[in-house]
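Rule-based calculations on the coordinates, nothing more; no lab input. This is a predicted model, so every value here is computed, not measured. All Cβ positions, even for glycine, are placed from backbone atoms using ideal geometry, and neighbour counts span all protein chains on display.
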Amino acid sequence: MERQQRIKDSFSRQSMMETLGAQIDSVSAGQVVISAPILPGSRQQHGVAHAALSFALGDTAAGYSALSVMPEDTEVMTAEIKINLLAPGRGERLRATGRVIKPGRRLVVVSAEVHAIDGDTETLVAVLTGTMVPVPVA
């Protein structure tokens, strides 16, 4: 199956991403970009994107970047992921760009950058680093 279609099919089964209004913007080998609107239900008490939105998008983009370099009989799951929040998520959307840092048979090291988009302004609001574990397709 083609890489992009495989990832889109998997993404469509994630009810969390549907709830957040997220979409896949691009897929390439080792990189996946996902974005979502900052909806009223995704804001914290100061009116900016909740950190959970940044985390969910970053984790998902990083995970799919790992999947983009895996064989067809393999999926991935997050083993661990760390987030550094750098700035408030102000604007209309968040965009997460996940990248593979080092692929492996047992572990895939990944990263993600999350940007807030406010008109023509983009602000880096979070960086994530983590490890994905390949798992056989069930």
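Assorted remarks:
- Length gained on full extension, residue 8 to residue 129, computed as 0.36 nm times the residue gap minus the Cα-Cα distance: 41.3 nm.
- Stretch in the chain that is longest and holds no trypsin sites (Lys or Arg not before Pro) that DSSP places in a loop and that have at most 10 other beta carbons within 10 Å: 14-104
- Exposure proxy order (Cβ contacts within 10 Å, fewest to most) of 124, 57: 124, 57
- Ranking of 117, 38 by neighbouring Cβ atoms within 10 Å, starting from the fewest: 117, 38.
- Mean separation of Cα contacts under 8 Å, 6 or more apart, over the residue count of the stretch 3-136: relative contact order %: 25
- Long-range amide H partners of residue 126 with built H, under 5 Å: 86, 114
- When 76, 125, 114, 69 are arranged by Cβ crowding within 10 Å, least crowded first, meaning fewest neighbours, the order is 69, 76, 125, 114.
- Divided by 2.2 N^0.38 Å, where N counts the residues, the Cα radius of gyration of the stretch 6-45 comes to 1.30.
- Computed from label points 7 Å out along Cα-Cβ, the spacing between residue 74 and residue 106 is 1.3 nm.
- For semi-axes √(5λ) of the Cα gyration tensor in Å, computed directly from the structure shown, the correct entry in [x] 30, 21, 14; [y] 26, 15, 12; [z] 44, 21, 16 is [y].
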